[in-house]
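*Asks:* Before we start, here is the structure in question, set down as structure tokens.
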Amino acid sequence: MSGDSHALPVRQATTLSDEAVPDVDPTSTAGLLAERLQAWKHAVGYLEDYVGAVEKVHKAHAKEYEKVLKTISHPLREGAHFDQGLGGVAGFFENMRVNTQAMINSNSETEKTLKGSVLPILERLHKEIKAKHKEVSHGVEKSAKEIEKARNTTQKHIELLGQQAASFESAGGKMTPTDDPYVIRRGVLHRLNKQVIEENNHRNDLIVIQDGFKAFEAHVIQVVQQAMDALNQVAGGQAEKIRALYVDMLGAAQQIPPEFEWNGFVAREGHRLVDPKDPPRSVDAIVFPNQDHNSTKPLIEGSLERKSRNKLSWGTQSGYYVVTPSKYLHEFKDDDNLRHDPKPELSIYLPDAVISAPSGEKFTIKGKDKGGSFSSKLAGTSELHFKAHSAAEAQKWFDAIRIAAGASGAAYESSASSPNASLPGSVSEKPKLDRMDSAHKEQDVGITGGETVSSPTTLSPVVSRQNTLKNGTEKKATA
């Protein structure tokens, strides 16, 4: 026995060799074609997933556009300010609501169309490829089994021929008729013929399948193109529709005339707007309560020059002074009430002050600044030297200050005054100074006069005032 059994080899080519039992796997070509169909099936599956995802996107877009519509679903706040007719802002927002609702409907319709029209095309193609794959796999598998069976039979007779040929040499040619190598050889040829017929039939089947693949793949491509065309018409058309809706909203906004809303607002609410023809307001024309109350009218006001209280400085500085019915002498920087808040730079309460008679255009007041500033608290009592524009002007100021001070004021002549300017009743400089000191002491203890005198026309002599104080003291002692 000389023949060794041959192991089934791996397929190396698609053509069959001249060997009795070729080293070729008959299922390799069929396997390759089946694998190709599997690839096409997966490709179509990818398209199905893609279209399914697009369908879900449009479904989600419909829900998202519902959220968008909610942002403008309510009427405009303070909507009365806008014209409610077409062509205005209110009409523009109504256009936006209608178009946004159309976007919601468009996405919902696209979702349904993709699910009902495009996806079924790919699903049918998927089934066709799957059926083709089953047809190829089952048909080739059956043919391959027949070939394998024929090859095994041929292989057995070839091995039997080898055994009987070896026996013929050892037995010297004496054999049974059934073991005759000649008969066995003819049996091998018979079985080999059957094997070749099976192999050729299988080959022809593969050729038919291969030729059919060309047409089948062309069909697959055409169906894919058909599906993509449907996808473009549905999804692409929907995209164009969305674009047209946005263009319509843009047109509604651009059609609003720039002055449309304002003109309508003026027509509706013009009676509540400011009339540009009305003259502007003036402070001089405004009337307010107590504007002309007696306490607001100054006894005298005007500009005076005053020597600075700083001993290191010289000269005078101009200021605006006012004597008020409240018995204050106020100093201001100027008489302007508009540029800044008019707050007094200096405020002297005249009943507590000592006033000298004017000497020419000059007069003097000695008193304490009653203002609330820090500098006024440090300054204490100061002697202020004023200079009017003329002697007559100085006399007017002196008379007004006398009226404001009343009987509470104490008059004196400063050291710079002329002796001729002494008040009536004064005898000498020393008695005058003594009376001044007495008046100061009276002010310090809170004595402002024993009797009330209303607005004297002339300054009372110091002697008379001293007598008055004396009489008041005697009355207190008697009591």
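*Asks:* In the set 250, 231, 245, which member is touching a Phe, Trp or Tyr at 6+ places or on another chain (Cβ under 9 Å) and either surrounded by 13 or more Cβ atoms within 10 Å (Cβ to Cβ) or at pLDDT 85 or above (or both)? Lay out the reasoning, then the answer.
*Replies:* Values: 250 fails: touching a Phe, Trp or Tyr at 6+ places or on another chain (Cβ under 9 Å); 245 fails: touching a Phe, Trp or Tyr at 6+ places or on another chain (Cβ under 9 Å).
Every option except 231 fails the conditions.
*Asks:* Among the listed residues 142, 132, which satisfies the condition of being of a type in the set (Lys, Arg) and either under 30 Å from residue 61 (Cα atoms) or out of contact with any helix residue (DSSP H, G or I) (no Cβ under 9 Å at 6 or more places or on another chain) (or both)?
*Replies:* Numbers: 132 fails: either under 30 Å from residue 61 (Cα atoms) or out of contact with any helix residue (DSSP H, G or I) (no Cβ under 9 Å at 6 or more places or on another chain) (or both).
That would be 142, the only listed residue that is of a type in the set (Lys, Arg) and either under 30 Å from residue 61 (Cα atoms) or out of contact with any helix residue (DSSP H, G or I) (no Cβ under 9 Å at 6 or more places or on another chain) (or both).
*Asks:* Got a number for residues in the range 253-266 being surrounded by 13 or more Cβ atoms within 10 Å (Cβ to Cβ) and among the acidic types (Asp, Glu)?
*Replies:* Count: 1.
*Asks:* Which of the residues spanning the range 229-244 are among the aliphatic types (A, V, I, L, M) and touching a residue at least 12 places away in the same chain (Cβ under 8 Å)?
*Replies:* Residues of the range 229-244 among the aliphatic types (A, V, I, L, M): 230-231, 234-235, 239, 242, 244.
Hits for the range 229-244 are 230, 231, 234, 235, 242.
*Asks:* Go through the range 162-172 and give me each residue that's surrounded by fewer than 17 Cβ atoms within 10 Å (Cβ to Cβ) and either of a type in the set (A, V, I, L, M, F, W, C) or without any contact (Cβ under 8 Å) to a residue 40 or more places away in the chain (or both).
*Replies:* If the condition is that a residue be surrounded by fewer than 17 Cβ atoms within 10 Å (Cβ to Cβ) and either of a type in the set (A, V, I, L, M, F, W, C) or without any contact (Cβ under 8 Å) to a residue 40 or more places away in the chain (or both), then 165, 166, 167, 168, 169, 170, 171, 172 are the ones that fit.
*Asks:* Examine the range 103-124 for a residue that is among the hydrophobic types (A, V, I, L, M, F, W, C) and under 31 Å from the mean Cα position of the chain (by Cα), and state whether such a residue exists. Spell out how you get there, then give the answer.
*Replies:* Taking the range 103-124 and keeping what is among the hydrophobic types (A, V, I, L, M, F, W, C), we get 103-104, 114, 118-119, 121-122.
With the extra rule that they be under 31 Å from the mean Cα position of the chain (by Cα), the set shrinks to 103-104.
Taking every residue of the range 103-124 in turn, at least one turns out to be among the hydrophobic types (A, V, I, L, M, F, W, C) and under 31 Å from the mean Cα position of the chain (by Cα).
*Asks:* Exactly one of (1) surrounded by fewer than 17 Cβ atoms within 10 Å (Cβ to Cβ); (2) assigned to a loop (DSSP other than H, G, I, E, B) is unmet by residue 303. Its number?
*Replies:* The number of the failed condition is (2).
Yes or no, residue by residue, for (1) loosely packed, with under 15 Cβ neighbours inside 10 Å; (2) at pLDDT 80 or above; (3) closer than 24 Å to residue 28 by Cα; (4) polar (S, T, N, Q):
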position	(1), (2), (3), (4)
152	yes, yes, yes, yes
155	no, yes, yes, yes
160	no, no, no, no
174	yes, no, no, no
180	yes, no, no, no
186	yes, yes, no, no
193	yes, yes, yes, yes
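*Asks:* Name the pairs whose Cβ atoms lie under 6 Å apart, with the first residue in the range 121-150 and closer than 18 Å to residue 209 by Cα, the second in a helix (DSSP H, G or I) and among the polar types (S, T, N, Q), and 6 or more positions between them or separate chains?
*Replies:* 144/27
Matching residues to (1) on the phi < 0 side of the Ramachandran plot; (2) charged (D, E, K, R):
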residue: 268; (1), (2): yes, yes
residue: 275; (1), (2): yes, yes
residue: 278; (1), (2): yes, yes
residue: 285; (1), (2): yes, no
residue: 293; (1), (2): yes, no
residue: 297; (1), (2): yes, yes
residue: 302; (1), (2): no, no
residue: 307; (1), (2): yes, yes
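*Asks:* I'd like to check something: does the range 137-150 contain any residue that is assigned to a helix (DSSP H, G or I), of a type in the set (A, V, I, L, M, F, W, C), in the same structural domain as residue 254 (by TED's automatic domain parsing) and loosely packed, with under 14 Cβ neighbours inside 10 Å? Walk me through how you get there before you give the answer.
*Replies:* Pass one, the range 137-150, residues assigned to a helix (DSSP H, G or I): 137-150.
Cutting the leftovers down to of a type in the set (A, V, I, L, M, F, W, C) gives us 140, 144, 147, 150.
Then keep just the ones that are in the same structural domain as residue 254 (by TED's automatic domain parsing); that gives 140, 144, 147, 150.
Narrowing further to those that are loosely packed, with under 14 Cβ neighbours inside 10 Å: none.
The answer is no, given that none of the residues of the range 137-150 is assigned to a helix (DSSP H, G or I), of a type in the set (A, V, I, L, M, F, W, C), in the same structural domain as residue 254 (by TED's automatic domain parsing) and loosely packed, with under 14 Cβ neighbours inside 10 Å.
*Asks:* List pairs: first residue in the range 354-368 and closer than 14 Å to residue 395 by Cβ and not assigned by TED's automatic domain parsing to the domain that holds residue 397, second residue modelled with pLDDT under 90 and of a type outside the set (Val, Ile, Thr) anywhere in the structure, Cβ distance under 8 angstrom, at least six positions apart or on different chains.
*Replies:* Listed by first residue and then by second, the contacts come to nothing, as the list is empty.
The values are calculated or read from the model by the stated rules, or taken from the named source; none is laboratory data. Note that the coordinates shown come from a computational prediction; the quantities given were computed from them, not determined experimentally. Cβ: placed from backbone, ideal geometry, glycine included. Neighbour counts: every protein chain shown.
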